[in-house]
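Inspection log for the structure reproduced underneath, given as structure tokens.
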Amino acid sequence: MKKTFVLVVLFVLPIVAYLFFASGVNNFGKLSQLTKNVEEIDFSDQTQFKNKITVLGFLGSDVEGRKGNAFNLNQKIYKRFYEFTDFQFVMVVADGTNDEVDALKKELATLADNDKWKFVYASDEEIKKLFNSLKTDIELDDNNSTPYVFIIDKGLTLRGRSDDEDEGTKYGFNSTLVSDLNNKMVDDVKIILAEYRLALKKNNAER
């Protein structure tokens, strides 16, 4: 009986553990593609989604009121990942908020290199058109603003979770909640960056 137990511990349990972790890699190795063909930023000559991994946010006309969200994102996400190539933060803001944006940029610059924070000015119609192209269950408020941010891949596809344990389909991350950033968004940004790194290595190896 003891010999049987020892054999099980030595041989069977490692195999079961391997299968468990292998299945985890398959399930969580990539972020789900939730919405394809997100609108490109055609109202800006300097910032585009294509060929970039983008964290997209909507501050609208409430730049001052969303400062706390920006600081949360800066501390929990941006500072951890901004050195990766082709990674950017894009915040869509309303026309006429230049002074508020300049003030926010200066405050962010005291916390980290803010070169990859991109602020894109847009009309109300342009903001709504871009936001609606995400096709989420989230809504903008009266200031065309939301605390939620979204991950857009290099091919203009919204990435997220199709089987989130709390929300079912998780389109975005609530930057008001540090727990959402720490417990979910950090992992998802890691996944998409790893996905592109693996693809790059594979392409280089094939060449």
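The values are calculated or read from the model by the stated rules, or taken from the named source; none is laboratory data. Since we're looking at a predicted model, the values are computed, not measured. Quick reminder, even Gly has a Cβ in these numbers, built from the backbone with ideal geometry, and neighbours come from all protein chains shown. For accessibility, only protein heavy atoms count, side chains too; no ligands or nucleic acids. Shrake-Rupley method; radii C 1.70, N 1.55, O 1.52, S 1.80 Å.
Points to keep in mind about this one:
- Dipole of the stretch 43-130, positive end: most advanced residue of Ala103, Phe89, Ile53 [Cβ charges, Cα centre]: Ile53
- Tyr148 accessible area, assembled protein chains, probe 1.4 Å, Å²: 60 Å²
- Separation in nanometres of the label points that stand 7 Å from Cα toward Cβ, at Glu195 and Asp42: 2.6 nm
- Of every Cα-Cα pair in the stretch 81-134, the percent that sits beyond 18 Å: 42 percent
- Pairs with C-alpha atoms separated by more than 23 Å, drawn from the list Lys79/Lys129; Lys67/Lys116; Lys30/Lys76; Lys52/Lys116; Lys67/Lys118; Lys52/Lys190, are Lys79/Lys129.
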